[in-house]
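The block underneath contains the structure these notes are about, expressed in structure tokens.
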Amino acid sequence: MSDQEPTITPERTGEEGRMCINMEWGAFGDSGCLNDFRTEFYVAVYTLSLNPDKQRYEKMISGMYLGEVVHNILIDFTKRGLLFSGRISERLKTRGILEIKFLSPIKSDCLALLQVHAILQHLGLESTCDDSIIIKKVGTVVARRVAQLCGVGMAAVVDKIRENRGLDTPKVTVGVDGTLYKLHPHFAKVMHETVKELAPRCHVSLLQSEVGSGKGAALITAVACRIREARQR
């Protein structure tokens, strides 16, 4: 799953055996079916992105765009006087200032507010303790929403597999790759909880792939299933 785009491997699919499904679901929503789930902050990202009307689902869940979504929220909060004493600095206006490598530690529960403040200083943003608290909360909420959106898509697919194959409780392995999944401390947990809630009859295992491609994700799931099968013999 490159940037939350998974490869799904049902461990059993009837008489046909096993198969890998490379999701390639980035273009989902291009028809407009996801418009109700877009916020003004996402729309602003789409508008300024490459191919603004394409790959809408990808732009809702990819770490590549998450930083700019948070950035748009911070600007909005500042305009309302909720952050940075209501002053929008030239630095804050800079697109791309919030990279995922900064957002991930900010969202970590074990990171002290003093460290959050230090990160903001590194970005050239002078902040107070209250600013740090708000920014940490914004990042946490946005990342949780992204994890849930990923989980929704995954749950729909695995439950459809169960339905099509007429299986009671299929076991499915999902190979995952992506910056958010690797770096964010709670992303994987929230995504798995969402899948479990929406597809309760499917036993889904998430395995991190170290190769940033669908082929790599497919390989790791296939190997994992082979090892598990060998251990059960």
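Just a few scattered comments:
- Ordered by the number of other Cβ atoms lying within 10 Å of each residue's own Cβ, fewest first, E68, E193, E163 fall into the sequence E163, E193, E68.
- Summary of packing: across the peptides 176-182, 151-157, the per-residue average of other C-beta atoms within 10 Å ranks them, highest first, as 176-182, 151-157.
- Burial ordering of D168, D130, D159, fewest other beta-carbon atoms within 10 Å first: D168, D130, D159
- Greater than 27 Å apart at Cα, pairs in K54/K93; K54/K196; K54/K160; K79/K137; K137/K196: K54/K196
- Ellipsoid semi-axes in whole angstrom, largest first, where each is sqrt(5λ) of the Cα gyration tensor of segment 154-209: 23, 11, 8
- Protection-proxy order for peptides 194-206, 117-129, 79-91, each taking the mean of Cβ atoms within 10 Å per residue, highest first: 194-206, 117-129, 79-91
- Between T169 and Q121, residue separation times 0.36 nm minus the direct Cα-Cα distance comes to 12.2 nm.
- With K and R counted +1 and D and E -1, the other residues having a Cβ less than 12 Å from that of T194 yield a net charge of +2.
- In order along segment 163-176, the phi-based Karplus estimate (6.51 cos²θ - 1.76 cosθ + 1.60, θ = phi - 60°) of 3J(HN,Hα) comes to 5, 5, 8, x, 9, 6, 9, x, 9, 10, 10, 10, x, 10 Hz; Gly and Pro are listed as x.
Computed from the coordinates by the stated procedures, all read-outs in this text should not be read as laboratory data. Keep in mind that this is a model prediction, so the values were computed, not measured. Every residue, glycine as well, gets a Cβ built from its backbone with ideal geometry; the counts of neighbours run over all protein chains shown.
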